[in-house]
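Report on one structure; see the data block that follows.
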Amino acid sequence: MYDMNEIIGSHDVLLVTLDTLRYDVAAELAATGGTPTLAGLLPGGRWERRHSPGSFTYAAHTAILAGFLPTPASPGPHPRLFAGAFPGSETTAPGTWTFDAADLPSGLAAAGYHTVCVGGVGFFNKLTPLGSALPSLFAESHWEPGFGVTDPASLDHQIDRVADVMDRLPAARRLFLLLNVASLHQPNWFYLDGATSSHGDTRASHTAALRHVDARLGRLFALMRRPCFVIVCSDHGTAYGEDGHTGHRIGHEVVWTVPYGEFVLP
């Protein structure tokens, strides 16, 4: 575990949520060379197997942005990187950075960080009160239809916006950036060669979407200033017919088990 009291204030912080990414797909691609960008940065080239704090985007991100990152799947207790001040917390350790606020963006803002959200899925679209709840935690937030689930080039568009953010960021101001990547979420059939909408989404198209994402993350990481502490994780998984289930917001192993990684950019 990193000592986050040494990281906060000295490093920018990048949180990339690969929305809906399944652990089994991520682990298989990392092991077989299908995601070279991520495998080259993850400790040992492998994902951690963790459990999500929620079974769908809003629930999981609300918890994550309060400091409750996905929990290691092995028996705990497991110290947290970030924690709001809370008497009796059993997962706050000496290396935990604590904040006196209800959410992590507010806590980091009080510590001098500029907080930015570049959203992807509908819970970040700012078109409704619910779609505005998560973005409202940040000093600056961005969403447009081209960042959403229906655009096959959504991640390219999102990284373009990140580049604009980085160009405007004062050199002396630390950054906390959340990038919610929509590409893994359904629909994802269009990432699979030869597929049409009639084929629908499958585990294979989910896998193809992750290859697509990995091929673009190098550009994102290159935009970041150094030193930069990075968390890359899924918020929850999704089912493609397992035990008759399709989708998420259900209590199934493929939904609750997620990939997680943390590292400092070289």
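The values are calculated or read from the model by the stated rules, or taken from the named source; none is laboratory data. Since this is a predicted model, take the numbers as computed values, not measurements. Reconstructed Cβ throughout: ideal geometry from the backbone, glycine too, with neighbour counts over all protein chains shown. Heads up: the accessible areas ignore ligands, DNA and RNA and are worked out on the full protein's heavy atoms, side chains in. Shrake-Rupley method; radii C 1.70, N 1.55, O 1.52, S 1.80 Å.
The number of residues in the range 28-77 being in a strand (DSSP E or B) and open to solvent by 60 Å² or more (accessible area, probe 1.4 Å) comes to 4.
For the range 224-239, the set of residues classified as open to solvent by less than 50 Å² (accessible area, probe 1.4 Å) and farther than 20 Å from ALA31 by Cα consists of MET224, PRO227, CYS228, PHE229, VAL230, ASP235, HIS236, THR238, ALA239, listed by residue number. Restricting ARG219, ARG203, ARG173 to those that are in contact (Cβ under 8 Å) with a residue 24 or more places away in the chain, under 18 Å from the mean Cα position of the chain (by Cα) and surrounded by fewer than 21 Cβ atoms within 10 Å (Cβ to Cβ) reduces the list to ARG219. Return the residues of the range 17-27 that are surrounded by 20 or more Cβ atoms within 10 Å (Cβ to Cβ) and not aromatic (Phe, Trp, Tyr); say none if nothing qualifies. If the condition is that a residue be surrounded by 20 or more Cβ atoms within 10 Å (Cβ to Cβ) and not aromatic (Phe, Trp, Tyr), then THR17, LEU18, ASP19, THR20, LEU21, ARG22, VAL25, ALA26 are the ones that fit. The residues in the range 246-266 that are of a type in the set (A, V, I, L, M) and either within 16 Å of ILE64 (Cβ to Cβ) or part of a strand (DSSP E or B) (or both) can be counted, and the count is 3.
Would you check if THR35 is within 29 Å of GLU253 (Cβ to Cβ) and over 19 Å from the mean Cα position of the chain (by Cα)? Judged against the criteria, THR35 is not a match. Please determine whether any residue of the range 181-188 is of a type outside the set (A, V, I, L, M) and surrounded by fewer than 15 Cβ atoms within 10 Å (Cβ to Cβ). Yes - at least one qualifying residue is present in the range 181-188. From the list THR92, THR128, the lone residue that is β-branched (Val, Ile, Thr), more than 21 Å from VAL230 (Cα to Cα) and more than 20 Å from the chain's Cα centre (by Cα) is THR128. Of all residues in the range 26-45, those being more than 25 Å from LEU65 (Cα to Cα) and in contact (Cβ under 8 Å) with a residue 12 or more places away in the chain number 9.
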